[in-house]
1. Would you confirm whether any residue within the range 60-69 is buried (at least 22 other Cβ atoms within 10 Å of the Cβ) and within 22 Å of R190 (Cβ to Cβ)?
2. Residues to consider are I235, I229, I203; find the one that is over 19 Å from I5 (Cβ atoms) and either surrounded by 19 or more Cβ atoms within 10 Å (Cβ to Cβ) or of a type in the set (A, V, I, L, M, F, W, C) (or both).
3. Pairs needed: first member in the range 153-171, on the phi < 0 side of the Ramachandran plot and crowded, with 16+ Cβ neighbours inside 10 Å; second member anywhere, assigned to a loop (DSSP other than H, G, I, E, B) and modelled with pLDDT of 95 or more; C-beta distance under 6 Å; at least 6 residues apart or different chains.
4. Residues K96, K150: which one is out of contact with any Cys (no Cβ under 8 Å at 6 or more places or on another chain) and of a type outside the set (G, A, S)?
5. Go over the candidates A272, A182 one by one and state the one that is at pLDDT 95 or above and surrounded by 15 or more Cβ atoms within 10 Å (Cβ to Cβ).
Amino acid sequence: MHIGISTFPTTYAISAVDLARAAEERGFDSLWTVEHTHIPASRKTPYPLGGDLPSIYWESYEPFTYLAQAAAVTTNLKIGTGICLVPEHHPISLAKRVASIDAISNGRFLFGVGGGWIAEELENHGVAYADRWRVLREYILAMQACWTQKGAEYHGSFINFDPVWVEPKPVSQPHPPVFIGATSTWAMQRIAEFAQGWYPVHIPEFDDRLALLSKECAKHGRDISDIDISLLTTITRAEQLQALQAKGVNRVVLSLPTLDTSESLRVLDGYADVVQWADELAR
C-alpha cells in the first residue's frame, strides 16, 4: 500500500519544489496534480459539488511544467496527472510531452487521464462533449503506438496519421501507465481494454465497480490484480487501509488543500499516521 498526495497547485500555494521535497521526505510515494487548460467565462455546465466553481480550477498551473519541477528535486517520488484532460490535446504532441517527463524523471510518471466534465471547455478545443470518451480512447491508443513504435501510425475517426517518428521514447516499459480517472460503469470497460490503472474517487458504489472491473478484465483476458488501483479517499484508521488493501487497492491518494507553505506542511505532517500505517502493512 502506497500513500500519495493530490493538490490544485497555484501561484499562492506551496511551491512545487517545497512540496515535492516535503512529500518525499515524509514517505509519500506520489504527487498528483489536476488539469484545466482554462475555464470558460460563461458556461452552463454546473459544478458537480454544487455552488460556485472554486477559483483554483482556473488558477492551477499547467501540470506537466509543475510536475517536471517536482521531479527535478526528488529521487523516488512518483509524479502524476490526476487528471490530464486528454481530448484537449493533440495526441502526437501529448505523446512527446508524456514521454519527455517520463524520461527526465527516470520512469516516475503516472499518466492519469479523463474525458472532462465541462462541456464548454471541451468545445473550445473542438471536441463535442458527447464524443469525449471516444476521442480519449483513440488518442490513448495513438499515443501508445507513438511510445512503443519507431514508425507509429494510427487511423481512426478522430485522429489519423501515417507513420511518424516521436522521440524520446519513455523510460517506463512498455510505456507510462495509464490511469483512467472515472467511476462510471462504462469506465470499467475502458480500463480493461487499454489502461493499466484506475484512479477513482471513493464513491459509495466502489465495491460494485470493483466487481464489474473484474468481469471486464476477464473479458479481455486480464486479471484485476494487473490493474493499479489508486483511490482518492480519506483515511482516519489503520483498519481502513487494511480493508482497502484486501480489496486490491494499491495506493491511497489524500487531498492537500491549496495552502501556503507552512499550512501545507502542517497538513502533510497530519497525515503521518496514515503513512506509518501503510509502512506497517508492507512489513
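1. Taking every residue of the range 60-69 in turn, at least one turns out to be buried (at least 22 other Cβ atoms within 10 Å of the Cβ) and within 22 Å of R190 (Cβ to Cβ).
2. On the way: I235 fails: over 19 Å from I5 (Cβ atoms); I229 fails: over 19 Å from I5 (Cβ atoms).
Just one listed residue meets the conditions, I203.
3. As it stands, the answer is P170/P176; V171/N106; V171/G107, since those pairs meet every condition given.
4. Values: K96 fails: out of contact with any Cys (no Cβ under 8 Å at 6 or more places or on another chain).
Answer to the check: K150.
5. Values: A272 fails: surrounded by 15 or more Cβ atoms within 10 Å (Cβ to Cβ).
Selected residue: A182, the only one of A272, A182 that is at pLDDT 95 or above and surrounded by 15 or more Cβ atoms within 10 Å (Cβ to Cβ).
Here's the yes/no breakdown for (1) closer than 16 Å to H89 by Cα; (2) among the aliphatic types (A, V, I, L, M); (3) at pLDDT 95 or above:
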site: L110; (1), (2), (3): no, yes, yes
site: G115; (1), (2), (3): yes, no, yes
site: N124; (1), (2), (3): yes, no, yes
site: W133; (1), (2), (3): yes, no, yes
site: I140; (1), (2), (3): yes, yes, yes
site: T148; (1), (2), (3): no, no, yes
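The values are calculated or read from the model by the stated rules, or taken from the named source; none is laboratory data. Just so it is clear, the model here is predicted, and its values are computed rather than measured. Reconstructed Cβ throughout: ideal geometry from the backbone, glycine too, with neighbour counts over all protein chains shown.
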